[in-house]
Structures are given as structure tokens and as C-alpha cells.
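**Student:** Pasting a structure here, questions to come.
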């Protein structure tokens with residue numbers, strides 16, 4: 001089962017629908033025990049970092065996610081869900097992130113405007129199995145004012161917006177994307193299909209739908 005962690009954020013239904021569009025079954029999961037049984041976990045996110053971080057812990061989802069991380073369960077963070085993978089954020093310095101990746105999340109400075117809303121081209125800086133169908137220069141849909149200050153090998157993709165910004169960060173079993181693949185058109189849903197394929201035994205049960 002692919003679990004879309006339900007901690008009261010706004011894009012849950014659209015993420016679930018996006019997985020369905022690529023032939024993968026995803027369930028909205030608010031129960032900690034159910035999250036602990038998941039074969040893969042998606043952290044969606046819209047809004048304030050502090051609110052998301054506190055709601056995630058208040059609902060008891062923190063411990064099973066950490067245990068899943070230790071067991072190398074595939075984890076995908078989207079937008080604020082990506083930011084939660086880091087240690088903390090300037091947006092709310094009293095709220096801790098998960099700390100799966102080192103570094104803070106900071107407000108973008110020197111930009112044309114904030115938030116960045118709309119399409120932008122992502123430059124690939126590294127390889128990852130879940131990015132196998134993403135091409136260098138592909139456009140994705142962004143809505144954000146804050147961005148992780150990641151460095152080193154975990155930086156897998158960047159975007160130009162008043163400077164080079166981290167758009168994708170990841171390691172073997174965790175990937176964070178600052179953009180919204182579920183809002184980026186049918187072609188960009190291939191990223192979600194590749195993530196679904198990472199589930200033990202595959203999630204797509206036979207031939208996947210053709211994505212044009």
C-alpha cells in the first residue's frame with residue numbers, strides 16, 4: 001500500500017487522484033498503525049511549515065514514519081512535505097523537521113516576487129531511480145516562498161528563481177520535490193509512476209497506463 005499521510009494539509013485528494021491516473025493505488029492514512037504497515041509513504045504539504053510539523057506530530061505520525069525510514073521504506077515528500085524532511089525552517093523556528101536531510105529551510109531572497117507561483121524548468125544534478133522518466137529541463141508547477149538549503153550529493157535537481165534553488169533532494173529511499181508533480185500535467189506524473197514501481201513487488205499490477 002502507498003500511504004498518503006493525512007495530517008490535515010490541503011492537497012491530499014489531488015495526490016491520491018494523481019496516483020490513480022498512473023494506475024497505482026494510494027490510500028489516505030491518518031492512523032499511525034496503518035502508516036506503520038505502509039509499503040511506501042507520501043508526505044504531501046501545503047501551507048505553513050510549523051502548522052504541518054505540529055499537526056504531523058500531534059496525530060502520532062512521527063514515530064511510524066521514522067521507523068519506516070529506518071527500514072528503508074520508500075518516502076516521497078512534496079512541497080512542504082519535502083521541507084519537513086529537513087531539520088527546520090525559518091518560517092517557524094520553533095517547529096522541528098524530521099531531520100532526514102541536514103540543513104535548514106530558508107525564505108528565498110532576491111527573487112522577482114514571492115511566492116513563486118507557476119511553471120519553471122528543473123535542471124537535473126544527479127540520478128535517482130524515481131527520476132528515470134524525468135528529463136533535464138522538464139517544467140513543473142511550483143507554489144512556495146521557502147526552499148531547503150541542501151548541499152552535496154543529495155541535491156538532485158535545481159531551479160532558477162532569483163538564483164539557483166534546490167528543487168529535488170534525495171538519497172536511496174527518500175526523495176523530496178519542491179514542486180507539485182500532481183499539478184504538473186500528465187507527462188510529469190511519470191515521477192509518481194516510478195515511485196509506485198519502487199514498492200516491493202510493484203504497485204502497478206501489470207502494464208501501466210500509457211502517459212502522453
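**Student:** For segment 175-186, enumerate the residues that are within 22 Å of residue 103 (Cα to Cα) and buried (at least 23 other Cβ atoms within 10 Å of the Cβ).
**Tutor:** 175, 176, 177, 178, 179 - these are the residues of segment 175-186 that are within 22 Å of residue 103 (Cα to Cα) and buried (at least 23 other Cβ atoms within 10 Å of the Cβ).
**Student:** Hey, among the residues in segment 113-131 that are touching a strand residue (DSSP E or B) at 6+ places or on another chain (Cβ under 6 Å) and assigned to a strand (DSSP E or B), which one's surrounded by the most Cβ atoms within 10 Å (Cβ to Cβ)?
**Tutor:** Checked segment 113-131; the qualifying residue surrounded by the most Cβ atoms within 10 Å (Cβ to Cβ) is 122.
**Student:** Could you pull out the residue among 4, 15, 9 that is surrounded by 16 or more Cβ atoms within 10 Å (Cβ to Cβ), touching a residue at least 40 places away in the same chain (Cβ under 8 Å), in contact with a helix residue (DSSP H, G or I) (Cβ under 9 Å, 6 or more places away or on another chain) and part of a loop (DSSP other than H, G, I, E, B)?
**Tutor:** After applying the criteria, what remains is 9.
**Student:** Here's a follow-up. Looking only at residues that are in contact with a strand residue (DSSP E or B) (Cβ under 9 Å, 6 or more places away or on another chain) and in a loop (DSSP other than H, G, I, E, B) in segment 23-44, which one is nearest to residue 181 (Cα to Cα)?
**Tutor:** 44
**Student:** Taking the residues in segment 168-199 that are within 20 Å of residue 86 (Cβ to Cβ) and assigned to a loop (DSSP other than H, G, I, E, B) as candidates, determine which candidate is modelled with the lowest pLDDT.
**Tutor:** Within segment 168-199, the match that is modelled with the lowest pLDDT is 172.
**Student:** Residue 65 versus (1) part of a helix (DSSP H, G or I); (2) under 21 Å from residue 13 (Cα atoms); (3) at pLDDT below 95: which is the lone unmet condition?
**Tutor:** (3)
**Student:** Count, please, the residues in segment 132-167 that happen to be more than 20 Å from residue 86 (Cα to Cα) and surrounded by 14 or more Cβ atoms within 10 Å (Cβ to Cβ).
**Tutor:** Residues meeting the conditions: 7.
**Student:** I've got another one for you. Looking only at segment 62-81, count how many residues are more than 15 Å from residue 2 (Cα to Cα) and either crowded, with 24+ Cβ neighbours inside 10 Å or touching a strand residue (DSSP E or B) at 6+ places or on another chain (Cβ under 9 Å) (or both).
**Tutor:** Adding up the residues that qualify gives 3.
**Student:** Quick test for you: out of 94, 77, 110, 47, pick the one residue that is modelled with pLDDT under 95 and outside any loop (DSSP other than H, G, I, E, B).
**Tutor:** Of 94, 77, 110, 47, the one residue that is modelled with pLDDT under 95 and outside any loop (DSSP other than H, G, I, E, B) is 94.
**Student:** Which of (1) at negative phi; (2) in contact (Cβ under 8 Å) with a residue 40 or more places away in the chain does residue 156 not meet, given it meets every other one?
**Tutor:** (2)
**Student:** Now for a separate question. Listed residues 25, 55, 90; which is over 16 Å from the mean Cα position of the chain (by Cα) and within 20 Å of residue 167 (Cα to Cα)?
**Tutor:** Testing whether each residue is over 16 Å from the mean Cα position of the chain (by Cα) and within 20 Å of residue 167 (Cα to Cα) leaves just 90.
The values are calculated or read from the model by the stated rules, or taken from the named source; none is laboratory data. Nothing here was measured: the structure is a model prediction, and the numbers come from that model. Note that each Cβ is placed from the backbone with ideal geometry, even for glycine, and that neighbours are counted across all protein chains shown.
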